[in-house]
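Chemist: Mind having a look at this structure? Questions to follow.
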There are 2 protein chains.
Amino acid sequence: MATGFTFTVAATDGAARTGAIKTPRGEIRTPAFMPVGTAATVKAMLPESVRATGADILLGNTYHLMLRPTAERIAALGGLHRFMNWDRPILTDSGGFQVMSLGPLRKLTEEGVRFSSHLDGSKHMLTPERSMEIQALLGSDIVMCFDECPALPATEAEVAKSMRLSMRWAQRSRDAFGDRPGHALFGIMQGGVTRDLRQESAKALTDIGFDGYAVGGLAVGEGQEAMFSVLDYAPGFLPADKPRYLMGVGKPDDIVGAVERGIDMMDCVLPSRSGRTGQAWTPRGQVNLRNARHKDDPRPLDESCTCPACTGYSRAYLHHVVKSDEIIGSMLLTWHNLHYYQVLMQGLRDAIAVGRLAGFVASFHAGRASGDIDPL
Amino acid sequence: MATGFTFTVAATDGAARTGAIKTPRGEIRTPAFMPVGTAATVKAMLPESVRATGADILLGNTYHLMLRPTAERIAALGGLHRFMNWDRPILTDSGGFQVMSLGPLRKLTEEGVRFSSHLDGSKHMLTPERSMEIQALLGSDIVMCFDECPALPATEAEVAKSMRLSMRWAQRSRDAFGDRPGHALFGIMQGGVTRDLRQESAKALTDIGFDGYAVGGLAVGEGQEAMFSVLDYAPGFLPADKPRYLMGVGKPDDIVGAVERGIDMMDCVLPSRSGRTGQAWTPRGQVNLRNARHKDDPRPLDESCTCPACTGYSRAYLHHVVKSDEIIGSMLLTWHNLHYYQVLMQGLRDAIAVGRLAGFVASFHAGRASGDIDPL
């Protein structure tokens with residue numbers, strides 16, 4: 001890996017692995033869940049609280065930060081870590097996925113993507129070279145290749161064409177990135193749900209050589225079954241001695257299934273976004289705190305949880321503040337969800353370490369089948 | 001005072017006093033500033049963070065809580081302290097002031113006020129007896145009399161008539177409150193800006209006898225000069241051995257002027273509300289973080305401040321998150337403002353204790369005259 005980085009697999013259990021990525025800014029225990037700090041903040045959380053949940057690394061979004069406050073401004077202010085008061089590792093995406101989501105506001109060429117800002121309509125261009133430049137200005141520890149991901153539904157031919165463009169961009173990203181000690185570059189496998197395309201993409205990336213490899217182009221609406229069927233083979237196409245990162249995933253059961261299939265890193269806005277809409281994730285499943293059945297319930301959201309929301313408040317209180325649109329509702333439920341995700345990751349790591357992943361997964365599913373709380 | 005309560009004046013400096021109110025739930029250092037937790041939350045703050053700023057007591061709003069989640073529900077859940085996870089003293093207002101603010105949605109009679117909820121239009125009645133009942137259900141430590149405050153502009157005759165109604169309601173509040181060990185009842189002086197009416201109101205209240213006395217009907221649009229001219233005499237009409245509480249005040253310079261005139265307690269939504277709109281209060285005056293001049297400024301909001309916003313972030317970052325409507329902007333600026341207010345109160349207490357209030361006040365005004373930050 002890049003200078004200053006090591007990846008060690010300490011134990012495996014089936015396809016699953018546990019270990020750690022050592023970086024100059026601290027260790028990332030794997031499998032790792034990365035909270036998303038889109039605009040230089042994990043929404044409704046102070047960074048010390050994010051760390052208190054057990055997060056080793058955050059994800060930052062190139063697209064959002066390049067538009068506001070701009071990568072150049074963040075660089076002048078000492079980089080993204082200092083700007084947002086988070087001194088541990090940060091992974092930045094390349095901007096490719098979010099630019100793709102702009103739909104008609106973007107124009108794709110071999111060179112890159114021209115697009116209009118969703119904030120003010122201003123014109124911008126993202127290329128592999130510009131994406132590498134922005135991520136360097138941000139001071140990202142783990143930089144992602146600039147890639148293209150076709151919107152679904154897409155024909156196999158469209159997916160193949162897009163994947164091959166992404167592979168040419170991967171080479172250009174690698175060339176533009178150069179050698180930056182203390183900073184790692186990850187490639188992104190594409191190829192949709194087609195095994196041959198995934199294999200072709202994996203070969204192209206490993207021929208170039210990266211510090212880690214992402215599985216891209218999943219969690220874009222294909223459904224869990226299709227995603228898992230790709231994850232049944234795709235991680236095996238990638239080097240076993242490098243971290244494998246599944247982008248944009250997911251719900252707790254997506255995460256468990258991905259880890260079972262050999263994934264080491266994931267990110268998703270779900271725990272934080274859910275927290276802002278009154279949704280909570282627990283070992284017993286998803287809980288909608290807006291539901292009136294909570295309004296007189298003196299019990300905690302999750303009796304087994306040690307987060308501030310569960311140790312300090314009743315379901316009745318959480319219901320009240322969610323219904324009243326009070327900011328503390330977003331703060332407490334985001335904290336809870338991020339805490340739950342990190343507890344889940346620790347459980348997965350511990351289970352893999354002792355070769356008991358199957359039992360852990362069975363217990364995970366049994367808990368979810370039990371209903372979110374006992375009747376009062 | 002009520003069983004379990006004592007008020008001790010430790011030192012005076014001119015009309016100003018410093019001391020403490022001891023309550024069964026902890027000591028309130030005076031002069032005290034009480035953050036407002038309208039709907040069972042100080043907006044954008046966890047209660048442990050409010051405590052960390054130095055707050056000894058919070059204010060809760062009867063009007064909001066009686067409508068949602070209802071006082072009966074909070075009582076069934078163990079009271080307001082437990083509900084909102086704050087175990088120190090809580091003062092609740094009587095609902096009178098907020099019902100008055102409803103304007104055409106309310107109807108005033110000798111019996112009380114009939115009004116429609118701003119949430120769902122449902123009909124409610126507040127009387128002195130019902131206000132005492134609600135505040136008891138909430139478990140408030142310091143209960144306020146139910147009073148009426150005329151909307152400005154009002155003639156002297158209207159103010160007199162309203163004040164006399166409030167004094168009859170004060171007697172009914174006292175009678176309805178009864179004897180509740182561990183809970184104090186405060187009367188509220190009215191009378192607008194008319195000295196004779198203030199004196200008449202003070203006499204009516206002291207004849208009834210309360211554990212503390214509020215100066216009501218100020219900070220309702222009369223201006224600082226008129227408010228101070230009332231405070232030049234009104235506190236002197238009240239018993240020196242009981243706490244004097246100025247309701248709904250105010251800006252930092254209002255607070256300093258009120259303390260100079262013998263006020264022991266104050267509350268205001270200003271520091272928290274300002275924090276949610278990008279406004280900060282510092283020893284050098286008010287700062288609008290939305291202003292573009294901050295966008296490249298690496299310096300803290302206030303170099304002398306030890307709050308999380310000032311120790312962890314630049315003005316540039318605060319500008320970015322305020323402009324981006326990120327929740328962390330409200331969280332950090334509310335924390336800063338509440339911290340600043342408590343530092344100001346500690347400064348006032350310390351200055352009074354050593355007989356140096358005049359010097360402290362001169363320095364306070366000089367700081368504000370110096371501009372909010374040096375040019376870059």
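The values are calculated or read from the model by the stated rules, or taken from the named source; none is laboratory data. All values reported here derive from a predicted model rather than from experimental measurement. Every residue, glycine as well, gets a Cβ built from its backbone with ideal geometry; the counts of neighbours run over all protein chains shown. What goes into the accessible areas is simple: the full protein's heavy atoms, side chains included, and nothing from ligands, DNA or RNA. Shrake-Rupley method; radii C 1.70, N 1.55, O 1.52, S 1.80 Å.
Chemist: Step by step: first the residues of the range A:198-249, then only those that are open to solvent by 10 Å² or more (accessible area, probe 1.4 Å) and among the β-branched types (V, I, T), then the one that is farthest from A:A32 (Cα to Cα). Which residue is that?
Modeler: A:I208
Chemist: Which condition number does A:D264 fail, the rest of (1) among the acidic types (D, E); (2) open to solvent by 20 Å² or more (accessible area, probe 1.4 Å); (3) away from every other protein chain (no Cβ under 13 Å) being met?
Modeler: The single condition A:D264 does not satisfy is (2).
Chemist: Also: What do you reckon, is B:G371 open to solvent by 10 Å² or more (accessible area, probe 1.4 Å), in contact with a strand residue (DSSP E or B) (Cβ under 9 Å, 6 or more places away or on another chain) and modelled with pLDDT under 95?
Modeler: Yes; evaluated as a whole, the condition is true for this residue.
Chemist: Follow-up question, since we're still on this one. What are the residues in the range B:335-376 that are among the hydroxyl-bearing types (S, T, Y) and assigned to a helix (DSSP H, G or I), if any?
Modeler: Scanning the range B:335-376 gives B:Y340, B:Y341, B:S363.
Chemist: Could we say that B:V256 is touching a residue at least 60 places away in the same chain (Cβ under 8 Å), in the same structural domain as B:I21 (by TED's automatic domain parsing) and surrounded by 19 or more Cβ atoms within 10 Å (Cβ to Cβ) here?
Modeler: yes
Chemist: To continue, here is another question. Given the conditions (1) of a type outside the set (S, T, N, Q); (2) surrounded by fewer than 21 Cβ atoms within 10 Å (Cβ to Cβ); (3) within 14 Å of another protein chain (Cβ to nearest Cβ); (4) more than 20 Å from the chain's Cα centre (by Cα), which single one is not true for A:R273?
Modeler: Only one criterion in (1) of a type outside the set (S, T, N, Q); (2) surrounded by fewer than 21 Cβ atoms within 10 Å (Cβ to Cβ); (3) within 14 Å of another protein chain (Cβ to nearest Cβ); (4) more than 20 Å from the chain's Cα centre (by Cα) is unmet by A:R273, namely (4).
Chemist: Condition (residue is in contact (Cβ under 8 Å) with a residue 60 or more places away in the chain, of a type in the set (V, I, T) and buried (at least 17 other Cβ atoms within 10 Å of the Cβ)) applied to the range A:58-77: is it met by at least one residue?
Modeler: Yes, the range A:58-77 has at least one match.
Chemist: Something else now. Specify which of the listed residues (B:G275, B:G262, B:G329, B:G236) is on the phi > 0 side of the Ramachandran plot and either touching a residue at least 40 places away in the same chain (Cβ under 8 Å) or among the hydrophobic types (A, V, I, L, M, F, W, C) (or both).
Modeler: None of the other options fit; the residue is B:G262.
Chemist: Filter the range A:102-126 down to residues that are open to solvent by 10 Å² or more (accessible area, probe 1.4 Å) and within 30 Å of A:A2 (Cα to Cα), then give me how many there are.
Modeler: 3
Chemist: Let me ask something else about it. Can you tell me which residues in the range A:136-156 are open to solvent by 50 Å² or more (accessible area, probe 1.4 Å) and either closer than 23 Å to A:R244 by Cβ or assigned to a loop (DSSP other than H, G, I, E, B) (or both)?
Modeler: Hits for the range A:136-156 are A:A151, A:L152, A:P153, A:T155.
Chemist: I've got another one for you. Looking at (1) in contact (Cβ under 8 Å) with a residue 60 or more places away in the chain; (2) over 20 Å from B:G4 (Cα atoms); (3) not in a helix (DSSP H, G or I), which is the only condition B:S131 fails?
Modeler: (3)
Chemist: Would you mind finding the one in B:T23, B:T38 that is at pLDDT 95 or above and within 12 Å of chain A (Cβ to nearest Cβ)?
Modeler: B:T38
Residues are listed down the side, and each one gets a yes or a no for (1) more than 25 Å from A:V256 (Cβ to Cβ); (2) open to solvent by less than 20 Å² (accessible area, probe 1.4 Å); (3) away from chain B (no Cβ under 14 Å):
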position	(1), (2), (3)
A:S314	yes, yes, no
A:V322	yes, yes, no
A:E326	yes, yes, no
A:G355	no, no, yes
A:F364	no, yes, yes
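Chemist: Looking only at residues in the range B:41-54 that are open to solvent by less than 10 Å² (accessible area, probe 1.4 Å) and under 15 Å from the mean Cα position of the chain (by Cα), which one is farthest from the other protein chains (Cβ to nearest Cβ)?
Modeler: Once the filter is applied, the top-ranked residue is B:V50.
Chemist: Based on what the data block shows, is B:A151 more than 18 Å from B:T38 (Cα to Cα) and free of Cβ contacts under 8 Å to residues at least 24 places away in the same chain?
Modeler: no
Chemist: Which of the following residues is modelled with pLDDT under 95 and hydroxyl-bearing (S, T, Y): B:S101, B:S94, B:S131?
Modeler: B:S101
Chemist: Enumerate the pairs (first residue in the range A:157-185 and open to solvent by 70 Å² or more (accessible area, probe 1.4 Å); second residue anywhere and assigned to a helix (DSSP H, G or I) and among the hydroxyl-bearing types (S, T, Y)) with beta-carbon separation below 9 Å, excluding pairs fewer than 6 apart on the same chain, so at least 6 apart or on different chains.
Modeler: From the range A:157-185, the pairs are A:R164/A:S201.
Chemist: Something else now. Going through the range B:291-311 one residue at a time, which ones are in contact (Cβ under 8 Å) with a residue 12 or more places away in the chain, facing chain A (nearest Cβ under 10 Å) and either surrounded by fewer than 18 Cβ atoms within 10 Å (Cβ to Cβ) or touching a Lys or Arg at 6+ places or on another chain (Cβ under 8 Å) (or both)?
Modeler: Across the range B:291-311, the qualifying residues are B:K295, B:D296, B:D297, B:P298.
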